[in-house]
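Working notes, structure below.
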Amino acid sequence: MAFLFNKFQEAIKTLAKSPSFARDPRHLQFDADVNRLFLYTSYNRLGKHSEEKDAEEIIELASKASVTDQQKQVQQNVHYQLKHICKSMDSILRPDTKDPSQSPSDAYNNSRRSGLSLAVGTGVAAANKPAVPATRPLTRTELSNKFRDQFGYTLDIKPSLIPHKDAGQGLFLSGEANVGAVLAIYPGVIYSPAYYRYIPGYPRIDACNSYLITRYDGTIINAKPWHLGGETREVWDGSDPVDYNTTPPINPESNSDRAWRMLNKPLQKSGSENFGDVLERRNPLAFGHFANHPPGGSTPNVMICPYDFPLTEKDMRAYIPNIAFGGEEPVTMKRFGSFWFKSRAPGKQTGEPPVLRTLVLVSTRSVCDEELFLNYRYSSSKGRPEWYTPVDEEEDKRRWS
């Protein structure tokens, strides 16, 4: 497998320089990322018993297939892994619902009809709230340990090994995982461009919040309300107890910032916009927001991968630690420069199932009992923290061009 991985690494370097990707810089970086994810996740799906001809076929596909086709394959590869991850957690938390002769959905429905009662969750829906299925009374740590026993790895949050006073907590892999493995999910509340003004602290949303991340399509995920998760399976609505109007910003506010704040007033969630879903707050992989940027002299061992979770996958839903602000009905937006506007076109595409636009972290090499590092790709046009050392200055420029 080491020989095959070296072939993939060489292919990644070669394809990144291919003129077929040379369009505008931002699309160039997006295409390069998709290409890398295609190779990494396809390599992972080959498994331990793959042959050289399998690897060569994937490398050839990566050089010929369109970016759209590669994107679709990445989605399939990630979904394949997450499906197994969710089944593993389900077998730990809801073992009595499993019957080899039944599909997962049949077992789930029968368990609710039979009146099985475990220790966590009542299975009874309150007014305007979905029912919470009962699960085994395991703590978050107990679930994490059992997941590692089954899956080979889990995640730990502990002080970062980065020698800097602002490093804070870090994300550590406990166990071993191969290249292309889904190691973490970025949890929290998902904001499409239509709901930017509802993000706490708007318009300076990052002034008091370092747990925000943006996808290439403009979707923003706020992981701060999720924090460390919880100790139960519950209806989670993404509420954040922090009052951003009284929280001092990380960096002082300039005159232009104050003017921008006056012209762009934040919006408050109304009673009709309350939302929530039954989520497993003990999820041992819902810690993508704790991955630090690598210190100088180090390289990232994970990368961001956009993942559109199909909401038709009911058996997996509790283990996807995200909810969409404003509900799951999409709103079509168009971008003009730095601004987004609602489009008159219908928001829902015919024949396309509703999705949650999430993010996962995928390993870029074999990882074993170590801290996970993610390239933050901060914009070179804005002030960067003193601890930030670019991994690749050109990538940073292309990402935000």
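Read-outs throughout are calculated quantities, based only on the coordinates presented, and are distinct from any laboratory measurement. Bear in mind that the values here come from a model prediction, so they are computed numbers and not experimental data. Cβ: placed from backbone, ideal geometry, glycine included. Neighbour counts: every protein chain shown.
In this calculation the C-beta distance from THR139 to ALA167 is compared with R0 = 25 Å, giving a FRET efficiency of 0.40.
How long is the gain from GLU57 to THR299 if the chain were fully straight, where each residue apart is worth 0.36 nm and the alpha carbon distance is subtracted?
On the way: separation 242, 0.36 × 242 = 87.12 nm, distance 2.81 nm.
So the extension gain works out to 84.3 nm.
Let's test the formula: R0 of 22 Å, r as the Cβ-Cβ distance of THR214 and ARG365. What FRET efficiency results, to the nearest 0.05? Once the sixth-power term is evaluated, E becomes 0.30.
By the gyration tensor of its Cα atoms, with a ≥ b ≥ c the square roots of the eigenvalues, what is the shape of segment 164-209: rounded for a/c under 1.5, prolate for a/b over b/c, or oblate?
It comes out oblate by the Cα gyration axes.
For the set LYS83/LYS314; LYS158/LYS224; LYS87/LYS146; LYS224/LYS397, the pairs lying more than 19 angstrom apart at their alpha carbons are LYS224/LYS397.
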